[in-house]
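Heads up, the thing below is written out as structure tokens.
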Amino acid sequence: MTRRIVTVSAGMSTPSSTRLLADRLTGATEKALSERGEQVQSRVVELRDLAHDIMNAMTTRVPTGELRGVLEDLGQADGVIAVTPVFNASYSGLFKSFFDIVDPDDLDGLPVLMGATGGSPRHSLVLEHALRPMFSYTRSTVVPTGVYAASEDWGSGENGGRELGDRIDRAGRQLAMLATERAPKGADPFEEPTPFADLMSGLGT
Amino acid sequence: MQFGVFSVSDVTPDPTTGRTPTEGERIKAMVRIALKAEEVGLDVFATGEHHNPPFVASSPTTMLGYIAAQTERLQLSTATTLITTNDPVKIAEDFAMLQHLADGRVDVMMGRGNTGPVYPWFGYDIREGINLALEHYNLLHRLWREDVVDWQGKFRTPLQGFTATPRPLDGVPPFVWHGSIRSPEIAEQAAFYGDGFFHNNIFWPATHTRKLISLYRRRYEYYGHGKAEEAVVGLGGQVFMRKNSQDAVKEFRPYFDNAPVYGGGPSLEEFTRETPLTVGSPQEVIDRTLGFREMFGDYQRQLFLMDHAGLPLKTVLEQLDILGEEVVPVLREEFAAKKPAHVPDAPTHASLLAAKTAAGEGEQEEQS
């Protein structure tokens, strides 16, 4: 079966270490899905390219340009990889803005693998104090292993570098498992609306 | 097919002059716009309802009653009446009174309202918005159809032996539209009662609007009111026109760029591409509006938003002239030519009364 993975990268520079981590996580997830005998269709989205469209949707709810297609793909996804740089001790504003305009129904129950990058290892808990609470609020299924990469991780020798790679692989395996076993989405309320009699249940008539 | 205008009643500074009309000027301007709508041959004027600045339309039936006294043909409506936070008993009374004064030229559009604090200001909880709309409307529906009502519900104090007065004109309640931008529950509600469904068709891409309207049509048929294509659909839209397209864009741009609802967001070009907003020549407005029929099926009512974002009254009146002289006559002809015979027009007091009389005669024949 084909599993659809959407990777969201909120890095600002090109190339960015955020995109680097996003690509590594995407690769690890694809590999783990293949090992489980699944087909994979993945898409990596750079939020920087959608920055104006995200603000348009924020101000008027109208998703302009490429954003509409991205939101549609996200609505069909079996798993999401969400990677942000750490700005002011939290996710970037653009990262938060993007998830603020996603239809809450699309995030509900969706497996999400979190990643973050920063200049120093001292911000690694951003995954636990910023990203995980947000995806708990959206009722997403958050992968237990989140991956934080500080600048020094990219240059670590034998031990440090292997450790980052191991975490990426573990996170990818966990997302692959959740994406494969994900319960099917509930009925589309526009296709199968709640009947009027049920809507009125408990109300005065 | 009915054509008309709807107003949200915003008091907005004119960005080209910096001048803000007074509340009194804005209220009188809305009345002038309604009178002009009748003058230029439009069918409907609908006012919004708001309970916070910068809006002035807090008391719709007062305004509509005043307009009724100065018009002959114009259908008076709302866009929307807050079924969530108003007392359904008062809605029943206010609109029945208006019906008598306006000789039946009245219908009502129910809406939930999108201003969070209005709920607590009127003693309600916004999280109950859908339930309030369902329960309040159910009561309103009964108050207009049953002379004596015993009722108990979740939100309002119970009623025992209550009669809403005056009774609806000729025993025919005003036709009701339900307006919603994105709630399948409201489309379901409109379909259940066989009422009309209105989409403001302003902010959402057409694909979203189509999902909601298709749902309403399907369920209208399911509940036995007629075929899906016979369901009663109304659409909003917003336009700004000049003879030359470029002049329209140039003149409207500062209003778009500074409007409280669009400013700081998409460009005028992006917004006209992705939403039904049309800024251009009368012919472009005609083409775009005919496109709504392709998208959503034959429909019964088209309302345009013309008087927002600080546009001066003089400009709005010019827009209504263009609409009445160059756009609506063509649209009437084109829509009429395309509409199959079995698709009904929007119900009016006259058509509902005729249907009621016919049904009554049918019953008598069965009895005899």
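The values are calculated or read from the model by the stated rules, or taken from the named source; none is laboratory data. Please read these numbers as outputs of a predicted model, since none were measured by experiment. Every residue, glycine as well, gets a Cβ built from its backbone with ideal geometry; the counts of neighbours run over all protein chains shown. Ligands, DNA and RNA are stripped out before the accessible areas are found, and what is left, the full protein with its side chains, is counted by its heavy atoms. Shrake-Rupley method; radii C 1.70, N 1.55, O 1.52, S 1.80 Å.
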- Test each condition in (1) more than 14 Å from every other protein chain (Cβ to nearest Cβ); (2) crowded, with 16+ Cβ neighbours inside 10 Å for B:Val148 and report the one that comes out false. (2)
- Message: Could you check segment A:188-205 and list, in sequence order, the residues that are over 16 Å from B:Leu212 (Cβ atoms), open to solvent by 50 Å² or more (accessible area, probe 1.4 Å) and assigned to a loop (DSSP other than H, G, I, E, B)?
- Response: A:Pro195, A:Ser201, A:Gly202, A:Thr205
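Give me the residue from segment B:222-238 that is part of a helix (DSSP H, G or I) and more than 10 Å from every other protein chain (Cβ to nearest Cβ) and, out of that set, most open to solvent (accessible area, probe 1.4 Å).
B:Glu229
Using the structure shown, decide if B:Arg219 is among the basic types (Lys, Arg), in contact with an Asp or Glu (Cβ under 8 Å, 6 or more places away or on another chain) and either without any contact (Cβ under 8 Å) to a residue 40 or more places away in the chain or open to solvent by less than 20 Å² (accessible area, probe 1.4 Å) (or both).
Details: among the basic types (Lys, Arg): yes; in contact with an Asp or Glu (Cβ under 8 Å, 6 or more places away or on another chain): yes; either without any contact (Cβ under 8 Å) to a residue 40 or more places away in the chain or open to solvent by less than 20 Å² (accessible area, probe 1.4 Å) (or both): yes.
So B:Arg219 fits the description; yes.
If you scan segment B:235-256, which residues turn out to be among the aromatic types (Phe, Trp, Tyr) and farther than 27 Å from B:Met109 by Cα?
Here is the first cut: in segment B:235-256, the ones among the aromatic types (Phe, Trp, Tyr) are B:240, B:252, B:255-256.
Residues satisfying the conditions are B:Phe252, B:Tyr255.
If you go through segment B:239-254 one residue at a time, do you hit one that is of a type outside the set (Ser, Thr, Tyr) and within 14 Å of chain A (Cβ to nearest Cβ)? Lay out the reasoning, then the answer.
We begin by selecting, within segment B:239-254, every residue of a type outside the set (Ser, Thr, Tyr); these are B:239-244, B:246-254.
Checking the rest, the ones that are also within 14 Å of chain A (Cβ to nearest Cβ) come to none.
No, there is no match, as no residue in segment B:239-254 is of a type outside the set (Ser, Thr, Tyr) and within 14 Å of chain A (Cβ to nearest Cβ).
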- Message: Here is a check on your reading of the model: is B:Leu140 within 14 Å of chain A (Cβ to nearest Cβ), closer than 24 Å to B:Phe6 by Cα and under 20 Å from the mean Cα position of the chain (by Cα)?
- Response: yes
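Do the conditions hold for B:Asp170, that is, is it under 23 Å from the mean Cα position of the chain (by Cα), away from every other protein chain (no Cβ under 14 Å) and not in a loop (DSSP other than H, G, I, E, B)? Give the steps one after another, and end with the answer.
Working: under 23 Å from the mean Cα position of the chain (by Cα): no; away from every other protein chain (no Cβ under 14 Å): yes; not in a loop (DSSP other than H, G, I, E, B): yes.
No, not satisfied.
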- Would you list the helices (runs of 4 or more DSSP H) that sit entirely within segment A:45-151 and hold 2 or more residues that are open to solvent by less than 50 Å² (accessible area, probe 1.4 Å) and within 24 Å of B:Ser267 (Cβ to Cβ)? A:51-60, A:67-76, A:93-101
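I'm trying to understand the selection: among the residues of segment B:151-166, which are open to solvent by less than 60 Å² (accessible area, probe 1.4 Å) and either more than 10 Å from chain A (Cβ to nearest Cβ) or in a helix (DSSP H, G or I) (or both)?
B:Gly161, B:Phe162, B:Thr163, B:Ala164, B:Pro166
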- Task: Could you please give the count of residues in segment B:316-352 that are under 25 Å from B:Pro282 (Cα atoms) and without any contact (Cβ under 8 Å) to a residue 40 or more places away in the chain?
- Result: 3
- Filter segment A:57-72 for residues that are more than 20 Å from A:Asp188 (Cα to Cα) and of a type in the set (D, E, K, R); which is farthest from the other protein chains (Cβ to nearest Cβ)? A:Glu66
- Message: Within segment B:184-208, take every residue that is more than 9 Å from chain A (Cβ to nearest Cβ), surrounded by 23 or more Cβ atoms within 10 Å (Cβ to Cβ) and in contact with a helix residue (DSSP H, G or I) (Cβ under 7 Å, 6 or more places away or on another chain) and give me the one that is farthest from A:Leu71 (Cα to Cα).
- Response: B:Gly196
